[in-house]
Amino acid sequence: MTKKIFIIITLIAMLVGGVIYAENAGLIDVFSNPDTHLAKDFAKIAVFPESIGTYVRTESFVSVQDECTDLAKSSDSASKGLSGTVCTRIATAMYKDDAAKKSVFVHFAKVTEGKEPYVLYMKAFSKPDKIDQYEVIRIEDHELGWFPQDVFDVLVTQEGQFTLNSDGGMSMSYGKATGQNAVSQYFLNKYPPVKESDPTGNTTIDGTYPVSSNYQFYSIHDLKKSNLSSGLYDTEGYVVKKYECSSGISKPCMRNNVVISEHNIPLEKYNLSDDELIIFLDNSKKLELGKKYRFSIRLLDSKTTDEIINDAELVGFNTL
């Protein structure tokens, strides 16, 4: 593994060299981040099924780590004229097909600082590729990555083969990733790449959103009353108000948003009850007034309204 991909998969040396021993010894969860609560929250968001086809998640092993890097101090980055601080939080799981002696590492990454230099870095050290209908990037021969239509900024898979050693450890070897194994196919379909590969935004190229996901469900009323931490949740309601900032307005205006409600009663002003919620979004053209939808939302850790709940951003939706 070369030095240039350290931002994406800083855990691999530890995974292959040490944690496999720990896993064989019975260590299930490793949270390298000292803020264990945040690490566990992130791991819950990065859902790793117990099994996918003939592949089984390695004894429920999940690892979460934070990493910050100054690109200017890397000779590889500097050679490409890249600079800036990039901080990432990465959740990792390993899947094994014991009969075929094949493995797939899966890495969810969220950029917590320096998304623009991160994207430039990714583009500089990868090549565009395609798996079925999906646009992906190839970082190294055994590594495929893409920019999902979801809370994560990048998802990377690594395909390899393993050999069990007599001392209980494991040796890894890598060929060229094809993306045709059950694990890669599952995550490609569950977290599909952004169309036309525009990783800097939350929406696809035409301003639409993916369908809702299966996050913890709360009614609008419960969502507003439960004092929830930032993260991903599902809710449902009728669209009772739509707002888009006009380009002709000279003064600052509210972000584009819709108001959803447990009751199908049109709303004119933002005098919201406990049964109504503002959802911020980029484009509301696919949402119709008076229709009921299931929404996947991201609760932020700050708010810009007088509501009792922090701001909610749209992640996905589907009609009920």
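Under 5 Å from the amide H of residue 129 lie the amide H atoms of 136, 137, 138, each residue being 5 or more positions distant or on a separate chain, with H modelled from the backbone and absent for Pro and chain starts.
Checking the a/c ratio against 1.5 first, then a/b against b/c, what shape does the Cα gyration tensor give for the stretch 118-171?
Details: a/c = 2.34, a/b = 2.25, b/c = 1.04.
Prolate, because a/c is 1.5 or more and a/b exceeds b/c.
Summarising the amide proton neighbourhood of residue 317: residues at separation of 5 or more, or on other chains, whose placed amide H is nearer than 5 Å comprise 211, 212, 296. Sequentially through the stretch 165-175, phi angles give Karplus couplings (6.51, -1.76, 1.60; θ = phi - 60°) of 8, 5, 8, x, x, 9, 9, 10, 9, 10, x Hz, Gly and Pro residues having no value and appearing as x. Prolate is the label for the stretch 62-166, because the ratio a/c of its alpha-carbon gyration tensor axes (a ≥ b ≥ c) is 1.5 or higher and a/b is greater than b/c.
Remark: the stretch 108-116, residue by residue, has Karplus-estimated 3J(HN,Hα) of 9, 10, 10, 7, 9, 7, x, 5, 4 Hz, where x stands for each Gly or Pro and the curve is 6.51 cos²θ - 1.76 cosθ + 1.60 at θ = phi - 60°. Ordering 94, 172 from the fewest to the most neighbouring beta carbons within 10 Å gives 172, 94.
Across the stretch 178-190, computed HN-Hα scalar couplings (Karplus, 6.51 cos²θ - 1.76 cosθ + 1.60, θ = phi - 60°) run 10, x, 9, 7, 4, 5, 4, 5, 4, 6, 5, 7, 6 Hz from first to last residue, x flagging Gly and Pro. Less than 5 angstrom separates the built amide H of residue 170 from those of 165, all sequence-distant by 5 or more or on a different chain. Extending 7 Å from Cα along the Cβ direction at residue 264 and again at residue 76 yields two label points whose distance is 5.5 nm. Taking one quarter of the surface of the convex hull spanned by the alpha-carbon atoms of the stretch 243-320 gives a direction-averaged projected area of 5.7 nm².
Quick one: length gained pulling residue 226 to residue 302 fully straight, 0.36 nm per residue minus the C-alpha distance? Mind showing how you got there, number by number?
Numbers: separation 76, 0.36 × 76 = 27.36 nm, distance 1.59 nm.
So the extension gain works out to 25.8 nm.
The gain in end-to-end length when the residue 214 to residue 275 segment is fully stretched comes to 19.8 nm, 0.36 nm per residue minus the alpha carbon separation.
Any read-out appearing in this document is the output of simple, stated calculations on the displayed coordinates, not a laboratory observation. It should be emphasised that the depicted structure is a prediction, and the values quoted were computed from it without experimental measurement. Every residue, glycine as well, gets a Cβ built from its backbone with ideal geometry; the counts of neighbours run over all protein chains shown.
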